[in-house]
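Note sheet for the following structure.
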Amino acid sequence: MAPWRIQALALPALALLLTACDGGRHYPASFGDSDYDLAAMALRASDLPGGFEAQDVPDPAFDNESWALFFETNDPEAKRAQIEAQGRLTNHVSAFSPAGLGRVLAVTNVSTLYTDNEAARQALEKFACGLPINDSIQLEPFLVPEIADGATGFFVRQENDGSTTFVDTTLCFRTGRIVHAIQQTSIPGVEDIALSIRLANSQLKRVDEAFDDLDGG
């Protein structure tokens, strides 16, 4: 799987988008862990701009032991214990890339299930949405709309010899005890927050449909 690296839009356009994502519904946390269909909540290639294709992720669900290996650490067992203590259970990963060169080089979508709502809230607010981003990495926050049970957005700049090579634009939102992250990777200067918000809207619709199936099941 590809490495985890996954100019902001004009302010008037952003202001219009910021009102677009308030879910206005309740996401029950009382179902069994295996009842939440994370795959059904994931983005599809049809949700992305034209020309994007889904990439094969042979085993898209990662337990704590396998997820800890994505962090830059000399002690993956300690990292496993840490994310387990944070209430992380499992996730589902989808990856997309354009057929040719473009502004966005890759999109990664990760939905992570936690033990309860509070653990998911902590992951959203304190632990970089459960993504494999080390504590030493500086997150640069940006403004996001109200989405479902809470949302956050941040940039992570990948550097080489003091120069920024890639920028990850990440938008995360929470539905009950699930945190959904949408991460774009681009070269510096073409970060697209508007695209992140549109993709969050698209994923929220899929999440709502999955919860409707739960409620009706």
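The table for this structure:
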item	result
Any hit, the stretch 112-119, residues being outside any strand (DSSP E or B), crowded, with 22+ Cβ neighbours inside 10 Å and touching a Ser or Thr at 6+ places or on another chain (Cβ under 6 Å)	no
For residue 27: the one exception among (1) open to solvent by 50 Å² or more (accessible area, probe 1.4 Å); (2) at pLDDT 95 or above; (3) not in a helix (DSSP H, G or I)	(1)
Hits in the stretch 165-187 - residues which are farther than 30 Å from residue 30 by Cα and open to solvent by 10 Å² or more (accessible area, probe 1.4 Å)	165, 166, 187
Residues of the stretch 81-96 classified as open to solvent by less than 50 Å² (accessible area, probe 1.4 Å) and over 20 Å from residue 196 (Cβ atoms), total	6
Conditions (1) over 25 Å from residue 73 (Cβ atoms); (2) small (Gly, Ala, Ser); (3) touching a helix residue (DSSP H, G or I) at 6+ places or on another chain (Cβ under 6 Å); number of the one not met by residue 123	(1)
Unique match (being in contact with a Gly (Cβ under 8 Å, 6 or more places away or on another chain) and surrounded by fewer than 21 Cβ atoms within 10 Å (Cβ to Cβ)) among 208, 215, 192	208
Residue count, the stretch 123-144 (criterion: loosely packed, with under 15 Cβ neighbours inside 10 Å and either assigned to a helix (DSSP H, G or I) or of a type in the set (Lys, Arg) (or both))	2
Index of the failed condition, residue 43 passing every other in (1) surrounded by 14 or more Cβ atoms within 10 Å (Cβ to Cβ); (2) at pLDDT below 90; (3) not basic (Lys, Arg)	(2)
Residues (among the small types (Gly, Ala, Ser) and under 12 Å from the mean Cα position of the chain (by Cα)) located in the stretch 129-186	130, 151, 153, 181
Residue among 106, 99, 68 that is open to solvent by less than 40 Å² (accessible area, probe 1.4 Å) and over 21 Å from residue 171 (Cα atoms)	68
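The values are calculated or read from the model by the stated rules, or taken from the named source; none is laboratory data. From a predicted model like this one, the values you see are computed outputs, not experimental measurements. Because the Cβ atoms are built from the backbone with ideal geometry, glycine has one as well, and the counts that use them run over all protein chains shown. When the accessible area is computed, the model is the full protein with side chains, heavy atoms only, and any ligands, DNA or RNA have been set aside. Shrake-Rupley method; radii C 1.70, N 1.55, O 1.52, S 1.80 Å.
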